[in-house]
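All of the numbers you see were taken from the coordinates with simple rules; none came from a lab. Note that the structure is a prediction, hence the values are computed from the model and not measured. Cβ sites come from the backbone with ideal geometry, for glycine too, and all protein chains shown count toward neighbours.
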Amino acid sequence: MAVKRFSGSFKTRTDILDNITPNNVVQPNVSVPAGEWKPSNWLPVIWQGESSQDNFVISGGKILCLTTEGRLCPARYRWLGENSNATTDVAIVYTQLDVDQGTVNVTTGEAVTQVEVNAGGTVSMAQFAQGIIDRGLI
C-alpha cells in the first residue's frame, strides 16, 4: 500500500517542502569535478521515470563506493555482506526492465536473460560475493 506524502491519513510533517532525497551540491564552474561517474552495469533498474522513460539504478544522496572498474555502486553491499545470511538472503533481484535495458548479471558478466528473470531473477549474497570476486570488482 502506497502512502501519499501530502494527503495520507497518517501524521504528516509540515516542514518538508522539497524532495525526500537530499539535493546534490555541485561546485560552481566545474562541469565534471574529478571524472565522469557512471553506475555499475550490474545494478538492477530500481525505477523508470514516468514522463522521461529514463531508468534509474541509484537515487541521489546515497552513500556510494567505487569498484575496481572505477564505477559507482551503493555502499550497502558491504553492510549486507557483513550482516546477512549468505545462503538465504537476496542481494539483487533482476526484472524485465533489466532484460530490456541490457543489465549485466553480476554473477556471470553476461546480459540478464528472460530465463533468469522467469526463474525468479534473484542473486543470493553467496552468489553475489563469488561473482564480484570472480569478475575482479573488488
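For the ranges 57-69, 97-109, what's the packing order if you count other beta-carbon atoms within 10 Å of each residue, average per peptide, and put the highest first?
97-109, 57-69
Run the numbers on segment 30-115 and let me know its relative contact order in percent, using alpha-carbon pairs under 8 Å that are six or more apart.
28
What is the diffusion coefficient of segment 47-134 in µm²/s, taking the Kirkwood radius over Cα pairs and the Stokes-Einstein relation at 37 °C with a viscosity of 0.692 mPa s?
232
Calculate how large, on average over all directions, the projected area of the Cα convex hull of segment 71-121 is; give the answer in nm² to one decimal.
Taking the Cα atoms of segment 71-121, their convex hull projects to 4.1 nm² on average.
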